[in-house]
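Worksheet: one structure, shown below.
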Amino acid sequence: MDAMDRKILAELQQDGRLTVTELAARVQLSVSPCHRRLRDLERDGAIRGYRAVVDPAAVGLHFETLVFATLRWEDPDTVTTFEEAVTAIPHVLQAQRLFGEPDYLLRVATTDLAAFQQLYDHKLARLPGVQRLTSTLVMKHVVDDRPFPA
């Protein structure tokens, strides 16, 4: 990956709906080479996809929590079963396995506190292998969905 590829990625992170012509103009490259580089970035996996960034409040998700999960055991079966169960919960927006304690960080969005409490009691607390869950409320997003540095 060279500097031109990084410029292309930087522009697309700002606006994924750019046409190839617009993108080429912004990175000061002719259309054909820009299109070729774009296809290569997609094929090589540097660009994993395109999507709309949705405001959670606009779809009724006004309540966000970070949930830290510690597992009883970290054997492969427990980890796999836990991760599959977490993946099946639509309100879990992100799940990250961590080194040390806790074992996982989950970013959860719900409509309100009551909805989170229901999700916690009926889904999160019943995740396989969980020893302990600790939650904290998100007060404010200071940096949110920042593009990767070029």
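The values are calculated or read from the model by the stated rules, or taken from the named source; none is laboratory data. None of the values given here were measured: they were computed from a predicted structure. Because the Cβ atoms are built from the backbone with ideal geometry, glycine has one as well, and the counts that use them run over all protein chains shown. The protein model used for the area step is the full one, side chains on, heavy atoms only, and it has no ligands, DNA or RNA in it. Shrake-Rupley method; radii C 1.70, N 1.55, O 1.52, S 1.80 Å.
Hey, among 102, 33, which residue is open to solvent by less than 40 Å² (accessible area, probe 1.4 Å), more than 21 Å from residue 145 (Cβ to Cβ) and assigned to a loop (DSSP other than H, G, I, E, B)? Only one candidate passes the filter, namely 102.
Within the stretch 110-117, does at least one residue satisfy the condition of being under 17 Å from the mean Cα position of the chain (by Cα) and either within 30 Å of residue 12 (Cβ to Cβ) or surrounded by 11 or more Cβ atoms within 10 Å (Cβ to Cβ) (or both)? Full working, then the answer.
Narrowing the stretch 110-117 to residues under 17 Å from the mean Cα position of the chain (by Cα): 110.
Next, from what is left, pick out any that are either within 30 Å of residue 12 (Cβ to Cβ) or surrounded by 11 or more Cβ atoms within 10 Å (Cβ to Cβ) (or both): 110.
Taking every residue of the stretch 110-117 in turn, at least one turns out to be under 17 Å from the mean Cα position of the chain (by Cα) and either within 30 Å of residue 12 (Cβ to Cβ) or surrounded by 11 or more Cβ atoms within 10 Å (Cβ to Cβ) (or both).
Taking the stretch 56-69, which residues are open to solvent by 50 Å² or more (accessible area, probe 1.4 Å) and more than 29 Å from residue 102 (Cα to Cα)? Answer for the stretch 56-69, where residues must be open to solvent by 50 Å² or more (accessible area, probe 1.4 Å) and more than 29 Å from residue 102 (Cα to Cα): 58, 59. For the stretch 1-30, residues that are under 23 Å from residue 144 (Cβ atoms), surrounded by 15 or more Cβ atoms within 10 Å (Cβ to Cβ) and without any contact (Cβ under 8 Å) to a residue 24 or more places away in the chain total 2. Here residue 145 meets each of (1) within 17 Å of residue 68 (Cβ to Cβ); (2) in a loop (DSSP other than H, G, I, E, B); (3) under 14 Å from the mean Cα position of the chain (by Cα) with one exception, condition (1).
Taking the options 43, 51, 72, name whichever one is modelled with pLDDT under 95, open to solvent by 70 Å² or more (accessible area, probe 1.4 Å), basic (Lys, Arg) and closer than 29 Å to residue 14 by Cβ. Talk me through it step by step, then tell me what you get.
Numbers: 43 fails: modelled with pLDDT under 95; 72 fails: closer than 29 Å to residue 14 by Cβ.
Criteria check complete, one pass: 51.
Of all residues in the stretch 66-92, those satisfying the criterion of being of a type in the set (Ser, Thr, Tyr) and touching a residue at least 12 places away in the same chain (Cβ under 8 Å) are 70, 78, 81. Looking across the stretch 118-150, the residues that are charged (D, E, K, R), open to solvent by 80 Å² or more (accessible area, probe 1.4 Å), modelled with pLDDT of 95 or more and out of contact with any His (no Cβ under 9 Å at 6 or more places or on another chain) come down to 126, 132.
Restricting attention to the stretch 119-141, does a residue exist that is farther than 28 Å from residue 13 by Cβ, over 16 Å from the mean Cα position of the chain (by Cα), polar (S, T, N, Q) and not in a strand (DSSP E or B)?
Taking the stretch 119-141 and keeping what is farther than 28 Å from residue 13 by Cβ, we get 119-137.
Next cut, over 16 Å from the mean Cα position of the chain (by Cα) only: 119-137.
Then keep just the ones that are polar (S, T, N, Q); that gives 131, 134-136.
With the extra rule that they be not in a strand (DSSP E or B), the set shrinks to none.
The answer is no, given that none of the residues of the stretch 119-141 is farther than 28 Å from residue 13 by Cβ, over 16 Å from the mean Cα position of the chain (by Cα), polar (S, T, N, Q) and not in a strand (DSSP E or B).
Restricting 52, 10, 69, 46 to those that are of a type in the set (A, V, I, L, M, F, W, C), touching a Pro at 6+ places or on another chain (Cβ under 7 Å) and not in a helix (DSSP H, G or I) reduces the list to 69.
Any residue at all in the stretch 87-95 that is hydrophobic (A, V, I, L, M, F, W, C), over 30 Å from residue 15 (Cβ atoms), modelled with pLDDT of 95 or more and within 16 Å of the chain's Cα centre (by Cα)?
First pass over the stretch 87-95, keeping only residues hydrophobic (A, V, I, L, M, F, W, C): 88-89, 92-93, 95.
Still in the running and over 30 Å from residue 15 (Cβ atoms): 88-89.
From the residues that got through so far, the ones that are modelled with pLDDT of 95 or more too are 88-89.
Adding the requirement that they be within 16 Å of the chain's Cα centre (by Cα) leaves 88-89.
So far as the stretch 87-95 goes, yes, one or more of its residues are hydrophobic (A, V, I, L, M, F, W, C), over 30 Å from residue 15 (Cβ atoms), modelled with pLDDT of 95 or more and within 16 Å of the chain's Cα centre (by Cα).
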